[in-house]
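Comments concern the structure below.
The values are calculated or read from the model by the stated rules, or taken from the named source; none is laboratory data. A quick note: this is a predicted structure, and the numbers were derived from the prediction, not measured. As a convention, Cβ positions derive from the backbone with ideal geometry for all residues, glycine included, and neighbour counts pool all protein chains shown. In case anyone asks, the SASA skips ligands and DNA or RNA and just uses the protein heavy atoms, side chains included. Shrake-Rupley method; radii C 1.70, N 1.55, O 1.52, S 1.80 Å.
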Amino acid sequence: MKRVVLAYSGGLDTSVAVRWMMQEWDVEVVCVLVDVGQDADTAESFDDIRARAMAAGAVECVLVDARQEMAEEFCARAIAANARYEGKYPLVSALSRPVIVRHLVDQARKFNAQAVAHGCTGKGNDQVRFEVGTHALAPDLEVLAPARNWGLTRADSVDYAQKWNIPIKATKDKIYSIDENLWGRAVECGAMEDPWATPPEEPMTLTRVRTHEPVELTVSFVAGVPVSLDGVEMPLAELIKTLNDRAGATGFGRLDMVENRRVGIKSREVYECPAALALIAAHSDLEDLVLERDVHHEKARLETRWAELVYDGLWFSPLKEALDAFIAETQVHVTGDVRMRFEAPGAMRIVGRRSPKALYDYGLATYDAEDTFQHADSEGYVKIYGLGVKTWAARQGAKNATPPRP
Ligand code: ARG
C-alpha cells in the first residue's frame with residue numbers, strides 16, 4: 001500500500017485529509033506536526049493533536065520541534081535580507097513552508113513513503129511552496145493535495161469528520177483563516193474579504209494594545225544577527241518571542257495590505273508581526289551606518305528579488321542560494337546596537353544607532369570646528385562631475401531654463 005506523509009496541523013482540513021486520502025486513494029497516512037512556533041498561547045497539547053490524527057486513521061503521528069531552526073536559519077536570513085515582499089509583508093507564512101517541507105521529506109525517508117501531502121487549496125501560495133519545495137529536495141517524491149480534489153465546503157468537512165468520529169473542535173461557522181508561527185500571524189477571511197472594511201479586533205492577538213507606556217529597547221546585532229535585547233543575550237527564537245510581546249503590547253506590528261499572490265489573485269491580508277517588522281527596521285538602519293554605498297545600493301535591489309523568490313516558493317533554488325551567498329558577504333560588519341522606541345498605538349521610531357564598524361566619520365560629517373574634510377578638494381571634483389551637463393547646456397540648451405512669467 002502506498003504510504004503518504006502529511007503535513008498535519010491538527011485542524012479540520014488536515015484531519016479530514018487523513019481519512020479522505022485513505023478512503024479515496026487507498027493509502028496509509030503518517031502525520032507530521034512541525035512546530036514552527038505556532039499557537040504560542042492557545043496550544044492544545046501534542047497528545048490531544050496526536051489523538052485526533054490517530055482517530056482520523058493515521059498509522060503514526062510525529063511531532064518535530066523546528067522552532068530553533070525556524071529562527072536561526074530562516075528568520076535570520078530574512079532579517080539579513082530585510083525581506084519584505086512588495087515592500088511590506090515580512091514573509092510570515094512563506095518562511096515557515098520550507099522548514100515544514102524539509103521535515104516532511106525527512107520523515108518521508110524515515111517512513112519509506114512514496115508521497116507527501118498538504119492540506120492547501122488551489123487558490124493560495126502555500127500549495128506552490130509545499131510542492132516546489134518538495135520537488136527541489138526530493139524530485140522522486142509525489143505530492144498529493146487532497147483539498148484541491150475533494151470539493152468539500154467547510155460544512156461538508158465538519159459532517160465528514162462527524163461521520164468518521166474524528167474529534168474536531170471546529171464548527172461550521174469558523175470565520176477566519178489564520179496561519180501563525182514564530183515570525184507572526186496571517187489573518188484572512190471574514191469581514192476582511194472586503195478591502196474597504198476595517199479589520200475586526202477579535203482575531204488579533206499579538207498587536208492588541210496592552211500598554212500606553214512608551215517602550216524603549218536596544219537590540220544588538222553581530223554580523224547581521226540579533227543577539228541581545230537591552231544587553232541580555234538570548235537565542236534568536238526567544239528574542240523574537242520577547243519582542244513580539246513587548247513591541248506588540250504597544251500595538252506595533254500590524255499590517256493591512258492588498259498583495260499579489262503567485263497564482264494571479266489579489267488578496268487583502270492582515271498580518272501581526274511586531275518582532276519581524278522591528279528587527280528588519282533595526283537591521284536595515286544599522287546597515288545604513290556600516291555598509292559601503294555601492295554594496296548598500298546593490299543589496300537593496302537584490303533584497304526585493306530575494307523576497308519575491310521566497311514568497312514564490314523558491315527557498316530551495318539556485319538563484320535564492322546565490323543571493324544568500326551575496327547577502328552573507330555583506331553582513332560581516334553589520335555589528336552594533338540600535339535603539340527602538342515604541343509608542344502606543346502602533347508607532348515605532350529608531351532613535352539611535354552605533355557600531356564599532358561604522359563608516360560614519362564624525363570628522364567628515366561635522367560642520368563644527370572638528371571638521372577634517374578638505375573643502376578645497378571639492379572644487380575640481382564638482383567641476384568635472386558637472387562637465388557633461390555644462391557642455392550639453394552650452395551646445396543644445398536646457399529646456400525650461402526660464403521660470404514661467406505670470
Ligand atoms: N498571503 C500570505 C502568504 O501567502 C499568508 C497566507 C497564510 N494562510 C492563511 N491560511 N491565512 O504568505
Select, from Ala83, Ala94, Ala56, the only residue that is farther than 24 Å from His135 by Cβ and crowded, with 24+ Cβ neighbours inside 10 Å. Ala56
Could you grab me the full set of residues in segment 62-75 that are away from the ligand (no atom under 16 Å from the Cβ) and closer than 25 Å to His135 by Cβ? Val62, Val64, Ala66, Glu69, Glu73
Helices (runs of 4 or more DSSP H) contained entirely in segment 292-385, each with at least 1 residues that are within 16 Å of the ligand (Cβ to nearest atom), small (Gly, Ala, Ser) and closer than 30 Å to Gln127 by Cβ: 293-311
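Which one is nearest to Asp288 (Cα to Cα), of the residues in segment 342-384 that are hydroxyl-bearing (Ser, Thr, Tyr) and at pLDDT 95 or above?
Selected residue: Tyr360.
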A careful count of residues in segment 252-266 that are open to solvent by 10 Å² or more (accessible area, probe 1.4 Å) and touching a strand residue (DSSP E or B) at 6+ places or on another chain (Cβ under 8 Å) gives 8
How about segment 223-278: which of its residues are more than 16 Å from the ligand (Cβ to nearest atom), in a loop (DSSP other than H, G, I, E, B) and hydrophobic (A, V, I, L, M, F, W, C)? Ala223, Met234, Ala249, Phe252
In this structure, does Arg185 turn out to be among the basic types (Lys, Arg), in a strand (DSSP E or B) and surrounded by 12 or more Cβ atoms within 10 Å (Cβ to Cβ)? yes
Looking at the structure I just gave you, is Glu193 surrounded by fewer than 18 Cβ atoms within 10 Å (Cβ to Cβ), among the acidic types (Asp, Glu) and touching a residue at least 12 places away in the same chain (Cβ under 8 Å)? yes
Return the total of residues in segment 205-221 being within 15 Å of the ligand (Cβ to nearest atom) and surrounded by fewer than 19 Cβ atoms within 10 Å (Cβ to Cβ). 1
Quick check on Leu255: is it of a type in the set (A, V, I, L, M, F, W, C) and touching a Cys at 6+ places or on another chain (Cβ under 8 Å)? yes
Give all pairs with beta carbons closer than 6 Å in which a residue from segment 85-105 that is on the phi > 0 side of the Ramachandran plot meets a residue that is part of a loop (DSSP other than H, G, I, E, B) and at pLDDT 95 or above; count only pairs at least 6 apart in sequence or on separate chains. Leu91/Ala83
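Please return the ranges of helices (runs of 4 or more DSSP H) entirely within segment 84-171 where 2 or more residues are at pLDDT 95 or above, within 15 Å of the ligand (Cβ to nearest atom) and closer than 19 Å to Val34 by Cα. Working first, answer last.
Details: elements: 92-110, 126-137, 146-149, 154-163.
Where helices (runs of 4 or more DSSP H) fall fully within segment 84-171 and carry at least 2 residues being at pLDDT 95 or above, within 15 Å of the ligand (Cβ to nearest atom) and closer than 19 Å to Val34 by Cα, they are 92-110, 126-137.
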Checked segment 108-129 for anything under 28 Å from the mean Cα position of the chain (by Cα), surrounded by 15 or more Cβ atoms within 10 Å (Cβ to Cβ) and not basic (Lys, Arg); matches are Ala108, Ala115, Val116, Ala117, His118, Gly119, Cys120, Gly124, Asn125, Asp126, Gln127, Val128
Residues of segment 1-35 classified as crowded, with 23+ Cβ neighbours inside 10 Å and assigned to a loop (DSSP other than H, G, I, E, B), total: 1
Looking only at segment 172-182, and only at residues there that are outside any strand (DSSP E or B) and aliphatic (A, V, I, L, M), the one that is most open to solvent (accessible area, probe 1.4 Å): Ile175
Within segment 206-223, track down each residue that is free of Cβ contacts under 8 Å to residues at least 60 places away in the same chain and under 21 Å from the mean Cα position of the chain (by Cα). Arg208
So, first residue closer than 13 Å to Glu86 by Cβ in segment 260-271, second residue basic (Lys, Arg) and near the ligand (Cβ under 10 Å from one of its atoms), Cβ within less than 8 Å, six or more apart or across chains; the pairs are Ser267/Arg261; Tyr271/Arg185
Checked Lys320, Lys357, Lys299 against criteria (within 30 Å of Leu137 (Cα to Cα) and either open to solvent by 40 Å² or more (accessible area, probe 1.4 Å) or in contact (Cβ under 8 Å) with a residue 24 or more places away in the chain (or both)); the one match is Lys299
